[in-house]
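The structure under discussion appears below in the form of C-alpha cells.
The values are calculated or read from the model by the stated rules, or taken from the named source; none is laboratory data. Model, not experiment: these values are computed from the prediction. Reconstructed Cβ throughout: ideal geometry from the backbone, glycine too, with neighbour counts over all protein chains shown. Ligands, DNA and RNA are stripped out before the accessible areas are found, and what is left, the full protein with its side chains, is counted by its heavy atoms. Shrake-Rupley method; radii C 1.70, N 1.55, O 1.52, S 1.80 Å.
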Amino acid sequence: MLARALTHALVGLEARPVEVEAHLQRGVPGFSIVGLPDKACQEAKERVRSGIASAELEWPLRRITVNLAPAGLRKEGSGFDLPIALAVLAASRQIPPERLAEHAALGELALDGRVRPVPGALVAAEAARRAGVSRLLCPPESAPEAALAGIEPVPVRHLVEACAYLRGMFDPPPVEPMRPSANGSQPDLAEVRGQERARRALELAAAGRHNLLLAGPPGTGKTMLARRLPGILPALTVEQILEVTRIHSVAGLLPPGQPLLDRPPFRAPHHTASTAAIVGGGSGPRPGEASLAHQGVLLLDELGEFHRPALEALRQPLEDGFVAISRVQGQCVFPAYIRLVGTMNLCPCGARGDPAAECSCSSQRLASYRDKLSRALLDRFDLVVVVPRARSRELGAPGEPSAAVRGRVQSAAARERPTLSPGAVQLLDRAVDSLPLSARGRAKVARVAATVAALAGEETVLPEHVAEALSYRSPSELAAWT
C-alpha cells in the first residue's frame with residue numbers, strides 16, 4: 001500500500017517541494033526513512049510513532065518505508081513530522097489518500113500528538129501555491145503567516161484534528177489575517193542633546209541609504225544616536241514588508257502570532273559574533289545578521305572589537321546588497337540591503353580625542369587597533385563623523401524629535417535623484433586630486449551630495465551640496481586611522 005503527502009524543504013530562502021511517499025509491505029515490522037534526511041529528520045520515526053499512538057490511532061504492523069523525494073536534496077529539520085505521519089496513516093487507509101493529496105503539510109509532532117510550529121511557514125506556503133496546491137495543514141501559530149502567501153491555511157492543533165479534518169469530520173476555525181502591528185514607542189532623537197553634526201549625518205544616512213561611522217571618546221552619545229536611526233527611516237513598502245517577514249520566518253525569529261514586520265529591522269550583534277553569525281552560513285545555510293537587517297539598520301557597536309574576518313566579510317554585501325553563500329550542494333543568496341552603522345573609540349583606552357583625558361596607548365597598541373579596520377572597509381562608509389564630548393551649554397534644550405526628521409526623510413526619499421551641476425562635477429574632480437578619494441569614494445560622495453540636495457528640495461546638485469558631502473570624508477575625519 002502506498003500513499004503520498006506534499007511538503008517542502010528549506011534551502012536558504014527558498015522552499016523546494018518534497019514528496020513524502022509511505023509504503024507498507026508485509027514482513028518483519030519496521031520503520032525506515034530514506035531520501036537524505038538529517039539527524040532531526042531521522043528522529044521523526046520516534047516522534048511519529050509516539051504521536052500516532054497518543055492520538056489513539058493504529059500503528060501499522062508492517063514494514064514501513066518512507067521516501068523523501070527528490071532523494072538528492074538534503075532534508076533538514078522537524079517540519080517533516082506531520083506529513084510523514086499523515087502519509088503513513090493514508091497508506092494504512094486510516095485517512096483518505098486522495099484527500100491528503102489535495103493538501104500540503106508542515107509541522108513538528110510532539111510525543112503526545114500536538115502539532116508544533118517550525119520555521120519557514122511563509123515560504124513553504126508560497127511554494128505550495130506555486131505547485132498548484134491551495135491548502136496547507138499547519139500548526140495554528142503558523143496559520144496567519146501562511147495566509148500571507150495567498151493560500152488557505154488549515155490550522156490543526158493535534159494529529160487527531162488533522163485526521164478528523166481529512167475525514168470530513170472537523171472544520172477548523174477561520175484564520176485571522178496577519179495585520180501590521182500598532183505603532184509602539186521607539187527611541188526619539190529629541191532625547192539627544194547637542195551633536196548637531198552627528199544628527200545631520202544620521203538624517204543623511206536615513207534619507208539616502210548611506211553607511212555611517214561614528215567615532216569618538218566614550219560617553220559622547222554614539223550608540224544613543226545609532227539606536228535612533230530606525231525611528232527616522234522611510235516606511236517600508238508592501239513588497240519590502242513581505243520580504244523582511246520572509247527572512248525572519250526562515251530564521252525562526254517570527255514568533256507565533258506576531259504581526260507583519262512592518263518596520264525597518266534593527267540588529268545589533270555583540271562584537272564576539274562569528275563570521276557566519278554576521279553574514280550567514282552553516283551546513284544548511286541560514287541568514288545572518290546582515291540579512292536579518294535587510295531594509296533596515298545593522299549596528300556594529302564597538303566596531304574595532306569585532307573579529308577582522310567578520311568585518312571583511314561585510315564588504316561584498318555592502319557593495320552588492322546580498323550575501324552569496326556557496327556550499328558543495330549549491331549556492332544560497334540572502335538579501336542584505338542595509339544601512340551599516342559602526343561606532344568605535346579612537347583608541348583602545350578611549351581617551352584619544354577627549355581634551356579632559358590623556359591617551360595611554362602605545363604606538364604598537366594603536367597600530368594593532370587600526371589594523372582591525374582595513375582601508376577597503378573604511379572606504380565603504382559614506383559618512384565618517386568624529387563625535388566630540390558635548391559642552392555644558394549644548395546639554396540644555398532637547399533636540400528635534402524623530403517625527404519631524406522622519407517627515408523630511410520621507411519627502412527626500414520620494415524625490416527623484418537630483419543630477420550633478422557642472423560646478424558640482426568640477427568640485428568633485430578637484431577633490432579626487434587633492435583628497436585621498438578613490439573612484440568608489442567619488443561615487444559615494446556624489447550619492448551623499450544628491451541626498452543633501454534632495455533634503456534641501458533641490459532638483460540639481462550644487463557645489464555647496466558636494467562640499468557638505470566631502471566634509472564627511474575629509475582627512476581630519478579619518479586622521480585616527482590613516
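For the range 323-357: of the residues being in contact with a Cys (Cβ under 9 Å, 6 or more places away or on another chain) and free of Cβ contacts under 8 Å to residues at least 60 places away in the same chain, which is surrounded by the most Cβ atoms within 10 Å (Cβ to Cβ)?
Quick first cut of the range 323-357, residues in contact with a Cys (Cβ under 9 Å, 6 or more places away or on another chain) only: 323-326, 346-353, 357.
Adding the requirement that they be free of Cβ contacts under 8 Å to residues at least 60 places away in the same chain leaves 323-324, 326, 348-349.
Values: VAL323: 25, ALA324: 16, SER326: 10, PRO348: 18, CYS349: 18.
Taking the candidates together, the pick is VAL323.
Step by step: first the residues of the range 220-249, then only those that are of a type outside the set (A, V, I, L, M, F, W, C) and more than 27 Å from GLY194 (Cα to Cα), then the one that is surrounded by the most Cβ atoms within 10 Å (Cβ to Cβ). Which residue is that? Lay out the reasoning, then the answer.
So in the range 220-249, the residues of a type outside the set (A, V, I, L, M, F, W, C) come out as 220-223, 227-228, 230-231, 234, 237, 239-240, 243, 245-246, 248-249.
Pick out the ones that are also more than 27 Å from GLY194 (Cα to Cα) and you get 237, 239-240, 243, 245-246, 248-249.
Numbers: THR237: 10, GLU239: 9, GLN240: 18, GLU243: 17, THR245: 21, ARG246: 23, HIS248: 20, SER249: 25.
Of everything passing the filter in the range 220-249, SER249 is surrounded by the most Cβ atoms within 10 Å (Cβ to Cβ).
Of all residues being hydroxyl-bearing (Ser, Thr, Tyr) and in contact with a Leu (Cβ under 9 Å, 6 or more places away or on another chain) in the range 110-169, which is modelled with the lowest pLDDT? Just the residue, please. Steps first, please.
Step one: filter the range 110-169 for residues hydroxyl-bearing (Ser, Thr, Tyr), giving 134, 142, 165.
Filter again for in contact with a Leu (Cβ under 9 Å, 6 or more places away or on another chain), leaving 142, 165.
Numbers: SER142: 90, TYR165: 96.
It comes out as SER142.
Can you name every residue in the range 65-109 that is in contact with a helix residue (DSSP H, G or I) (Cβ under 7 Å, 6 or more places away or on another chain), among the small types (Gly, Ala, Ser) and within 23 Å of ALA146 (Cα to Cα)?
Residues satisfying the conditions are GLY77, SER78, ALA85, ALA104, ALA105, GLY107.
Can you name the residue in the range 131-150 that is of a type in the set (Gly, Ala, Ser) and either crowded, with 24+ Cβ neighbours inside 10 Å or out of contact with any Pro (no Cβ under 6 Å at 6 or more places or on another chain) (or both) and is also farthest from LEU254 (Cα to Cα) among such residues?
The initial filter retains those residues of the range 131-150 that are of a type in the set (Gly, Ala, Ser), namely 131-132, 134, 142-143, 146-147, 149-150.
Right, trim to either crowded, with 24+ Cβ neighbours inside 10 Å or out of contact with any Pro (no Cβ under 6 Å at 6 or more places or on another chain) (or both) and you get 132, 134, 142-143, 146, 149-150.
Numbers: GLY132: 26, SER134: 23, SER142: 10, ALA143: 13, ALA146: 12, ALA149: 15, GLY150: 19 Å.
Per the stated criteria, the residue is GLY132.
Of all residues being buried (at least 17 other Cβ atoms within 10 Å of the Cβ) and of a type outside the set (Lys, Arg) in the range 408-423, which is farthest from the chain's Cα centre (by Cα)? Just the residue, please.
First pass over the range 408-423, keeping only residues buried (at least 17 other Cβ atoms within 10 Å of the Cβ): 408-409, 412-413, 418, 420-421.
Narrowing further to those that are of a type outside the set (Lys, Arg): 409, 412-413, 418, 420-421.
Working: VAL409: 23, ALA412: 25, ALA413: 22, PRO418: 30, LEU420: 34, SER421: 38 Å.
For the range 408-423, the residue satisfying everything is SER421.
Across the range 20-45, which residue is modelled with the lowest pLDDT among those that are surrounded by fewer than 17 Cβ atoms within 10 Å (Cβ to Cβ) and of a type in the set (Gly, Ala, Ser)?
GLY27
Please verify whether PRO309 is more than 30 Å from ALA390 (Cβ to Cβ), in contact (Cβ under 8 Å) with a residue 40 or more places away in the chain and not charged (D, E, K, R), treating the condition exactly as stated.
Details: more than 30 Å from ALA390 (Cβ to Cβ): yes; in contact (Cβ under 8 Å) with a residue 40 or more places away in the chain: no; not charged (D, E, K, R): yes.
Spelling it out, it is not the case that PRO309 is more than 30 Å from ALA390 (Cβ to Cβ), in contact (Cβ under 8 Å) with a residue 40 or more places away in the chain and not charged (D, E, K, R).
Testing VAL385 on (1) closer than 30 Å to THR272 by Cα; (2) open to solvent by 70 Å² or more (accessible area, probe 1.4 Å), one condition comes back false. Which one is that?
Result: VAL385 fails condition (2) only.
Restricting attention to the range 289-306, which residues are closer than 14 Å to PHE381 by Cα and without any contact (Cβ under 8 Å) to a residue 60 or more places away in the chain? Lay out the reasoning, then the answer.
The first filter runs over the range 289-306 and keeps only residues closer than 14 Å to PHE381 by Cα, leaving 297-300, 303.
Residues satisfying the conditions are LEU298, LEU300.
Name the residues in the range 44-84 that are over 28 Å from the mean Cα position of the chain (by Cα) and hydroxyl-bearing (Ser, Thr, Tyr), would you? Don't jump to the end; show me each part of the working.
Looking only at the range 44-84, we keep the residues that are over 28 Å from the mean Cα position of the chain (by Cα), and these are 44-72, 83-84.
Across the range 44-84, the qualifying residues are SER50, SER54, THR65.
Given the conditions (1) in contact with a strand residue (DSSP E or B) (Cβ under 7 Å, 6 or more places away or on another chain); (2) within 30 Å of GLU239 (Cβ to Cβ); (3) among the hydroxyl-bearing types (Ser, Thr, Tyr), which single one is not true for SER142?
Going through (1) in contact with a strand residue (DSSP E or B) (Cβ under 7 Å, 6 or more places away or on another chain); (2) within 30 Å of GLU239 (Cβ to Cβ); (3) among the hydroxyl-bearing types (Ser, Thr, Tyr) one by one, SER142 breaks only (1).
If I ask for residues that are within 22 Å of ARG209 (Cβ to Cβ), assigned to a helix (DSSP H, G or I) and open to solvent by 10 Å² or more (accessible area, probe 1.4 Å), which ones from the range 304-317 would you list?
Across the range 304-317, the qualifying residues are GLU312, ARG315, GLN316.
Select from the range 424-447 the residues that are in contact with a Lys or Arg (Cβ under 8 Å, 6 or more places away or on another chain) and not in a helix (DSSP H, G or I) and write down the one among them that is most open to solvent (accessible area, probe 1.4 Å).
So the first thing to find is which residues in the range 424-447 are in contact with a Lys or Arg (Cβ under 8 Å, 6 or more places away or on another chain), and the list is 428, 431-432, 435, 437, 440-441, 444-445.
Subset that is not in a helix (DSSP H, G or I): 435, 437.
Values: LEU435: 41, LEU437: 18 Å².
That would be LEU435.
Any residue in the range 54-74 that is closer than 15 Å to ILE33 by Cβ sitting within a Cβ distance under 7 Å of a residue that is open to solvent by 50 Å² or more (accessible area, probe 1.4 Å) and of a type in the set (Ser, Thr, Tyr)? List the pairs, counting only those 6 or more apart or interchain.
Note: no pairs meet the criteria.
Looking for something touching a Lys or Arg at 6+ places or on another chain (Cβ under 7 Å) and at pLDDT below 90 - is there at least one such residue anywhere in the range 232-255?
So far as the range 232-255 goes, no, none of its residues is touching a Lys or Arg at 6+ places or on another chain (Cβ under 7 Å) and at pLDDT below 90.
Residue by residue, here is whether (1) of a type in the set (S, T, N, Q); (2) crowded, with 23+ Cβ neighbours inside 10 Å holds:
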| residue | (1), (2) |
| --- | --- |
| ASP262 | no, no |
| HIS271 | no, no |
| ALA277 | no, no |
| SER283 | yes, no |
| SER291 | yes, yes |
| GLU302 | no, no |
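Hey, could you check the range 97-119 for residues that are of a type in the set (Lys, Arg) and in contact (Cβ under 8 Å) with a residue 40 or more places away in the chain and say which is farthest from ALA164 (Cα to Cα)? Steps first, answer last, please.
Step one: filter the range 97-119 for residues of a type in the set (Lys, Arg), giving 99, 114, 116.
Imposing the further condition that a residue be in contact (Cβ under 8 Å) with a residue 40 or more places away in the chain reduces the set to 99, 114.
Values: ARG99: 12, ARG114: 14 Å.
Ranking the qualifying residues of the range 97-119, first place goes to ARG114.
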